[in-house]
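Notes to accompany the following structure.
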Amino acid sequence: MAATELSTRQLRAFVALVDLPHFTRAAQACHLSQPAFSTLIRQLEQEVGTRLFDRNTRSVQLTPEGRLFEASARRLLADVERAIGDLGDHVERRKGRVHVAALPSLAAGWLPALFSDFHAQWPGIELALSDQLSDACIDLVRGGQADFALAAAGSRAADSAELRMRVLCTDRFHLVCRADHPLATEPRLTLRKLQPFSFIHMTRNSSVRQALEVALHPLAMNTVLEVEQLATVMGMVEAGLGISVVPTLTLYQFRRETIAIRPLPLPQLTRRIYVVQRREGSLSAAAQGLHDMVVERLGSLSI
């Protein structure tokens, strides 16, 4: 007799009759009529192939086989109730884990406040963050390590049938230079006016560099240095080594008295930020909750 043929209703009826060895009281505890309760006990005994109770008009007692079955029945019932409770905790977001992959500029500048709010609302959910460039973020989603990603469009996602990409916002670009640089007070900025000056570039695999090169073509900037981190760009600009062009969502790195920030009025120079997830399969309740919060807040940004 396979255990999977037993029902939780039968197990609960059995345990109730063990604890309250009286059919009427046990039936009441299970919120059943006595005939319905008796039917459950009879069906259970038929399933296991033996009598579990000796009963007469005065008493109900476990048979030796019933005593042998009791520990297993209580364990099976406890396992089912624990599994249902654990699932309920995940559905109600009392428990769970969410892994987000995000561009470093978002991970450092915009996500911390959102993560703090999410954790305050659902403290039992574990949060994991991978701050990577776009292609690496997308690979984490494709491989199933991350639930979703916040990334710019990359070559690895452009033609992927397995990924779903939704535009959240369009990031515009700004010139950053020392406050005493000639471009800090230039009345009308253009890319050609930036071209003669020493330029601090991000690495070629960054979404910032990719967007900038599309807008610059066929112009080439006077590159003096390539770096991977925005904090390094800021340090080099502040030291007077050169100028740079960065998106709005990265400006938190550059807001200081020594740095001038000038918006570039160039419609062709933009960076789209996407939420990326696998096309097949659903997000967990915890991941869906964080996803919806991201979409609501980042999608409503005016940048």
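The values are calculated or read from the model by the stated rules, or taken from the named source; none is laboratory data. Keep in mind that what you see is a predicted model, and the values were worked out from it rather than measured. Neighbour counts are summed over all protein chains in view; Cβ atoms, including those assigned to glycine, are modelled from backbone coordinates with ideal geometry. These area figures cover heavy atoms from the full protein model, side chains too; ligands, DNA and RNA do not enter into them. Shrake-Rupley method; radii C 1.70, N 1.55, O 1.52, S 1.80 Å.
Structure values in brief
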{"quantity": "Space enclosed by the convex hull of the alpha-carbon atoms of the stretch 139-202, per residue, Å³", "calculated": "155 Å³"}
{"quantity": "Per residue Cα convex hull volume in Å³ - calculated over the stretch 48-143", "calculated": "151 Å³"}
{"quantity": "Accessible surface ranking that places the most exposed of ASP131, ASP139 first, with a 1.4 angstrom probe", "calculated": "ASP131, ASP139"}
{"quantity": "Rg(Cα)/(2.2 N^0.38 Å) for the stretch 243-303, N = residue count", "calculated": "1.56"}
{"quantity": "Relative contact order (%) - the stretch 1-71, alpha-carbon pairs under 8 angstrom, separation at least six", "calculated": "28 percent"}
{"quantity": "When the chain is reduced to its Cα atoms, the Kirkwood hydrodynamic radius in Å", "calculated": "24.1 Å"}
{"quantity": "Accessible surface, per residue, of the chain when the full set of protein chains is kept, probe 1.4 Å, Å²", "calculated": "52 Å²"}
{"quantity": "Gap separating the Cα centres of the stretch 188-208 and the stretch 233-260, nearest whole Å", "calculated": "12 Å"}
{"quantity": "For peptides 111-124, 281-294, sequence by mean Cβ density within 10 Å, most packed first", "calculated": "281-294, 111-124"}
{"quantity": "Loop-exposed trypsin sites (Lys or Arg not before Pro) per DSSP, neighbour cap 11 Cβ within 10 angstrom, longest uninterrupted part of the chain", "calculated": "59-187"}
{"quantity": "Net charge dipole size for the chain [Lys, Arg +1 and Asp, Glu -1 on Cβ; Debye, nearest 20]", "calculated": "440 debye"}
{"quantity": "Computed over the chain: relative contact order in percent, which uses C-alpha pairs under 8 Å that are six or more apart", "calculated": "20 percent"}
